[in-house]
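Below is one structure, written out as structure tokens, with a few remarks after it.
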Amino acid sequence: TSLHDFLRRLPKCEHHIHLEGALTPSLLFQLAKKNRISLPKDDKAFISPHSLLARYARFSSLDDFLGYYYIGMSVLVHEADFEALAWDYFQHASTDGVHHAEVFFDPQAHTSRGIAYTTVLSGFRNACLRAERELHITTELITCFLRHLPVPDCLTAFENQDVQASYLAGHIKGIGLDSSELNFPPHLFKEIYERAGQQGLRRTAHAGEEGPTSYIADALDILGVDRIDHGIRLVEDPALMQKIAARGTLLTTCPMSNVVLRCIKSIGDHPIRKFLDAGVKFSINSDDPAYFGGYILDNYCAVHEVFDLSVEEWTTICRNGIEGSWCSEERKREML
Ligand code: ES4
Ligand code: ZN
């Protein structure tokens with residue numbers, strides 16, 4: 001329809017996509033076979049791509065999802081596997097009308113199983129370069145730290161020689177913080193964020209997805225982030241919401257993710273209208289598209305169906321996404 005076309009043609013930026021979360025059941029089984037990785041035999045979900053997809057529709061929480069997410073990525077072994085995964089995502093992004101993508105990945109989830117950081121980075125970078133060349137999508141990579149792991153492990157990952165070399169080479173634009181949120185407050189990661197800032201890296205963190213609003217405040221004030229990933233619980237603290245609106249901090253929201261992980265009951269319960277009314281800037285993203293039932297355009301369509309946004313509101317959302325991106329000012333002007 002023309003509406004779908006209108007949403008597809010908007011100059012979209014994606015800021016919240018975990019590349020490991022773009023691993024479809026189909027590619028997962030294909031790589032498991034190729035790399036001879038055995039999948040759990042005691043979980044009937046792993047019988048086939050079809051049964052796995054059916055299980056994804058029944059996630060009960062963030063942690064329930066993360067269990068499958070970490071098993072899923074165990075099939076990624078070689079540089080070519082990481083490249084195929086990211087290329088699969090970029091092709092979807094292109095079809096959906098994404099102009100610029102800033103993508104997360106989880107180095108510790110791979111190094112902890114003996115996969116070298118350089119293997120992961122080379123594969124993802126190859127796909128990024130190909131996306132820029134063939135699809136005319138500009139890209140940035142963001143290394144995330146796994147907050148459920150001991151802080152010293154995260155510091156070791158940050159200090160890793162290959163990781164530091166990739167920061168110095170300008171191959172990584174910024175850092176993020178993801179995985180289980182509850183009981184892993186932002187302040188624990190102050191040192192990493194401080195040092196990343198000194199090194200000229202941009203900073204974001206998941207906060208207020210399942211965690212309380214104090215995690216959003218602490219990500220801002222203690223970690224010095226200039227974006228908040230999710231942040232849906234911000235509506236519980238009107239004063240903090242005003243502060244974020246005044247600062248112009250971008251929330252990278254993921255409506256379908258929030259429903260599938262039961263942070264909200266339905267898209268209609270997403271605080272999008274409240275954010276618009278309060279002048280809080282946000283982008284709309286897919287999070288883990290292979291696990292949550294849709295890519296970025298599916299999220300745009302789902303939001304439109306429920307909130308019936310005006311052309312003007314959509315234009316504002318996309319402009320805020322461009323302005324909140326970590327690309328060059330020149331690239332922003334091209335997209336505006
Ligand atoms: C994630 Cl939805 C979500 N939340 C936190 N960490 C994540 N890693 C991948 N997807
Ligand atoms: Zn996320």
Near pairs, Cβ below 6 angstrom, 6+ apart or cross-chain, from segment 51-73 (farther than 16 Å from Asp287 by Cα) to any residue that is assigned to a helix (DSSP H, G or I): Ser51/Ala45; Leu52/Pro25; Leu52/Ala45; Leu53/Pro25; Arg55/Ala45
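Out of the residues in segment 142-176 that are part of a loop (DSSP other than H, G, I, E, B) and touching a residue at least 24 places away in the same chain (Cβ under 8 Å), which is nearest to Gly231 (Cα to Cα)?
Among residues in segment 142-176 that are part of a loop (DSSP other than H, G, I, E, B) and touching a residue at least 24 places away in the same chain (Cβ under 8 Å), the one nearest to Gly231 (Cα to Cα) is Arg147.
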Any helices (runs of 4 or more DSSP H) falling wholly within segment 1-119 and containing at least 3 residues that are surrounded by fewer than 21 Cβ atoms within 10 Å (Cβ to Cβ): 2-9, 25-35, 49-56, 62-72, 79-95
Condition check for Leu28: within 22 Å of the chain's Cα centre (by Cα) and under 21 Å from Ser179 (Cβ atoms): yes
Residue in segment 189-206 that is closer than 27 Å to Glu14 by Cβ and β-branched (Val, Ile, Thr) present: yes
Which numbered condition Asp226 misses (of (1) more than 16 Å from ligand 2 (Cβ to nearest atom); (2) over 30 Å from Asp269 (Cα atoms); (3) within 16 Å of the chain's Cα centre (by Cα)): (2)
Residue count, segment 177-211 (criterion: in a loop (DSSP other than H, G, I, E, B), more than 22 Å from Ser328 (Cα to Cα) and in contact (Cβ under 8 Å) with a residue 24 or more places away in the chain): 10
Pair list, Cβ < 6 Å and 6+ apart or interchain, from segment 255-279 residues that are polar (S, T, N, Q) to residues that are outside any helix (DSSP H, G or I): Ser257/Asp287; Asn258/Ile264
Ser283 surrounded by 21 or more Cβ atoms within 10 Å (Cβ to Cβ), small (Gly, Ala, Ser) and within 11 Å of ligand 1 (Cβ to nearest atom): no
Residue match in segment 121-132 (condition: among the aromatic types (Phe, Trp, Tyr) and either over 29 Å from Pro11 (Cβ atoms) or within 13 Å of ligand 1 (Cβ to nearest atom) (or both)): no
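Taking helices (runs of 4 or more DSSP H) that do not extend beyond segment 228-283, which have at least 3 residues that are within 19 Å of Ala302 (Cβ to Cβ)?
Working: elements: 238-247, 255-260, 272-278.
Output list reads 255-260, 272-278.
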Selection status of Glu305, over 30 Å from Gln198 (Cβ atoms), surrounded by fewer than 20 Cβ atoms within 10 Å (Cβ to Cβ), at pLDDT 95 or above and more than 16 Å from ligand 2 (Cβ to nearest atom): yes
Single condition Pro255 does not satisfy, out of (1) within 16 Å of ligand 2 (Cβ to nearest atom); (2) over 20 Å from Leu309 (Cα atoms): (2)
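Only one of Lys265, Lys332 is more than 24 Å from Glu132 (Cβ to Cβ), of a type outside the set (A, V, I, L, M, F, W, C) and surrounded by fewer than 18 Cβ atoms within 10 Å (Cβ to Cβ). Can you tell me which?
Lys265
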Single unsatisfied condition, Arg130 versus (1) more than 16 Å from ligand 2 (Cβ to nearest atom); (2) on the phi < 0 side of the Ramachandran plot; (3) in a loop (DSSP other than H, G, I, E, B): (3)
Which numbered condition Tyr291 misses (of (1) farther than 15 Å from Gly208 by Cβ; (2) assigned to a helix (DSSP H, G or I); (3) away from ligand 1 (no atom under 11 Å from the Cβ)): (3)
Enumeration of residues in segment 242-262 that are more than 21 Å from Gly176 (Cα to Cα) and either within 16 Å of ligand 1 (Cβ to nearest atom) or buried (at least 21 other Cβ atoms within 10 Å of the Cβ) (or both): Val259, Val260, Arg262
Where Glu209 falls short, out of the listed (1) of a type outside the set (Phe, Trp, Tyr); (2) away from ligand 1 (no atom under 16 Å from the Cβ); (3) in contact with a helix residue (DSSP H, G or I) (Cβ under 9 Å, 6 or more places away or on another chain); (4) within 24 Å of Ala157 (Cβ to Cβ): (2)
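The values are calculated or read from the model by the stated rules, or taken from the named source; none is laboratory data. Everything numeric here is computed off the predicted structure, so don't read it as measured data. With ideal geometry, Cβ positions are generated from the backbone for all residues, glycine too; neighbour counts draw on all protein chains shown.
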